[in-house]
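*Asks:* I have a structure I would like to understand better, so I am pasting it below and will then ask my questions one at a time.
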Amino acid sequence: MIFELHSSLVGFANASIKNRNDVIEKLELLWTAHREGNHIIFSEIDISEELIGIVGDESRSAKALLIRIINQYPKIAALAYHVERKVLVGDYNPLSMTMKSKVIEYPVGEINSGLLQKSLVLVENLTDADFYHWVATNIYNQTPFESVNLSFEGYPGGGNTTAEAYENLKFKTSRLCLCIVDSDIRAPKLQYGETAAKVEKSDRLRPRAQADFHVIGACSIENLIPFNAFEMAWGDDPNYKQKLIDYKEHHRESHWRYLQLKKNISCFELHGPGAFAVYWRSALANTPSGCADKICSKKAECKHNMLVQLSGSPLGATFSLVKDKFVNLDELVPDIRQAWEKIASELLSWCCAPNMSAAA
Ligand SMILES: [Zn+2]
């Protein structure tokens, strides 16, 4: 995350000796956060210059931070203006700590070492965080932001307990937290699944400035896997030959994102007026049905799969094959590519960090 020193810090620090000492102490904490590679500290040049005048030689590390901000300005400014979210550190009222236009106005007095730890990325399973990191790396490859380091700590929410983990992190810690969940939307016109709905409700009822969530633009994380990764994993496996052909039929814009790759679609699910049944009845109209003309009356009785699951663990089977490679983004269907871009943009905002391989 970018922590930007706001101009109100200057007036605040000048108001009393106590304030000045507070500002120095917080600048020292920010310097540590920088040195640990957790967050990027930024300000307009004139603000750092004025703060150097105030800090004087009182604190070596506070001064080192301010000098570094000035020296790094040309490298950091474009990123600071690009990101959708940042923390503004200034003379703010704690009660007004809100998410105005996604900028978190943080009172300087409230800055603490918990807040300055690496951002948490709360996901359903830990591998998801690595996958999203890889997505962001692909999106920013060959862009002005390709050398920006993304630093975060993945936090496993455990699938359907993710919303509880989110509440816990929001209220029991002061960590910055981005929660990323599946939409579980398996057909147009359907609402979020239970996990996304609970996370959304948590923020609607009890928002916190330093936490937010993103619902991916697909039913499930597996829908974001490039199709050729499936071909790499199973192209030579005769058991998958027909499945890959069947699934390729569905690999198109505004459709692929609804397909839950880990679940069968049974004939029973296609009966009736529900949104899922109506949509998939039509989408699978040309698929030979396991049940021919029979209509099962109960889900438990229906063993007739219209579409058999692709795999019980598509991410586990494919991610290791692609994680060291770059993807041709043009091979993603357009709305999946858009979902990638949104995830990348969130990660860049929440997790951008100093590039520690460059001279510190
Ligand atoms: Zn059936």
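The values are calculated or read from the model by the stated rules, or taken from the named source; none is laboratory data. Note that this is a predicted model, so its numbers are computed, not measured. When we count neighbours, we look across all protein chains shown, and the Cβ atoms used for this are built from the backbone with ideal geometry, even at glycine. Accessible surface is based on the protein model in full, side chains and every heavy atom, while ligands, DNA and RNA are left aside. Shrake-Rupley method; radii C 1.70, N 1.55, O 1.52, S 1.80 Å.
*Asks:* Grab the Cα-Cα distance for Glu164 and Asp236, subtract it from 0.36 nm times how many residues apart they are, and report the gain in nm with one decimal.
*Replies:* Details: separation 72, 0.36 × 72 = 25.92 nm, distance 4.18 nm.
Contour length minus Cα-Cα distance gives 21.7 nm.
*Asks:* Taking the Cβ of Ser151 as the centre, find all other residues whose Cβ is under 10 Å away and add up their charges (Lys, Arg: +1; Asp, Glu: -1). Each step should come with its number before you reach the end.
*Replies:* Numbers: positive: Lys118; negative: Glu36, Glu153.
Result for the neighbourhood of Ser151: -1.
*Asks:* Could you report the chain's accessible area per residue, 1.4 Å probe, as an integer in Å²? Could the numbers behind the result be given before it?
*Replies:* Working: 16980 Å² over 360 residues.
With all protein chains present, the chain gives 47 Å² per residue.
*Asks:* With point charges of +1 on the Cβ of Lys and Arg and -1 on the Cβ of Asp and Glu, referenced to the Cα centre of the chain, which listed residue (Tyr132, Leu244, Ile180) lies farthest in the positive direction of the dipole?
*Replies:* Projecting each Cα onto the dipole axis, the largest value belongs to Leu244.
*Asks:* If you average the sequence gap of Cα pairs under 8 Å that are 6 or more apart and divide by the length of the chain, what percent do you get for the contact order? Show your work: numbers first, answer last.
*Replies:* Working: 606 pairs, mean separation 72.9, N = 360.
Once normalised by length, the contact order is 20 percent.
*Asks:* Taking 45 Å as R0, compute the FRET efficiency from the Cβ-Cβ separation of Ser313 and Ile52 and round it to 0.05. Show your work: numbers first, answer last.
*Replies:* Details: r = 54 Å, r/R0 = 1.21.
Efficiency computed from Cβ-Cβ geometry: 0.25.
*Asks:* Still on this structure, I have one more. Exceeding 26 Å between C-alpha atoms, which entries from my cross-link table qualify? They are Lys189/Lys241; Lys86/Lys172; Lys26/Lys102; Lys263/Lys298; Lys198/Lys342.
*Replies:* The answer is Lys189/Lys241.
*Asks:* Distance in nm between label sites at Asn14 and Ala277, each 7 Å beyond Cα in the beta-carbon direction?
*Replies:* 7.2 nm
*Asks:* Additional query: Once you keep just the Cα pairs under 8 angstrom separated by 6 or more residues, what percentage relative contact order results for the stretch 225-316? Don't jump to the answer; show the numbers that get you there.
*Replies:* On the way: 87 pairs, mean separation 31.9, N = 92.
So the answer I get is 35 percent.
*Asks:* Can I ask one more? Rounded to two decimal places and with Rh computed the Kirkwood way over Cα pairs, what is Rg over Rh for the stretch 96-159? Before the final figure, lay out each step's value.
*Replies:* Details: Rg = 14.9 Å, Rh = 14.2 Å.
Rounded to two decimals, Rg over Rh is 1.06.
*Asks:* Taking all protein chains in place and a 1.4 Å probe, what share, in percent, of the accessible surface of the chain do carbon and sulfur account for? Mind dumping the intermediate values first?
*Replies:* Numbers: 8510 of 16980 Å².
Taking all protein chains in place, the chain shows 50 percent carbon and sulfur surface.
*Asks:* Next question. If you place +1 on the Cβ of every Lys and Arg and -1 on the Cβ of every Asp and Glu, how big does the dipole about the Cα centre of the chain come out, in debye to the nearest 20?
*Replies:* On the way: 39 positive and 44 negative charges, 180 e Å.
Around 860 debye, computed over the chain.
*Asks:* Write down the percent of antiparallel bridges among all DSSP beta bridges whose residues are both part of the chain, to the nearest 5. Before the final figure, lay out the partial values.
*Replies:* On the way: 4 of 28 bridges.
Of those bridges, close to 15 percent are antiparallel.
*Asks:* Subtract the Cα-Cα distance of Phe326 and Lys342 from 0.36 nm times their separation in residues, and report this length gain in nm to one decimal. The partial results should precede the final answer.
*Replies:* Values: separation 16, 0.36 × 16 = 5.76 nm, distance 1.79 nm.
Fully extending the segment from Phe326 to Lys342 adds 4.0 nm.
*Asks:* Subtracting the Cα-Cα distance from 0.36 nm times the residue separation, let me have the gained length for Thr173 to Ala78 in nm, one decimal.
*Replies:* On the way: separation 95, 0.36 × 95 = 34.20 nm, distance 3.09 nm.
Gain on extension, Thr173 to Ala78, equals 31.1 nm.
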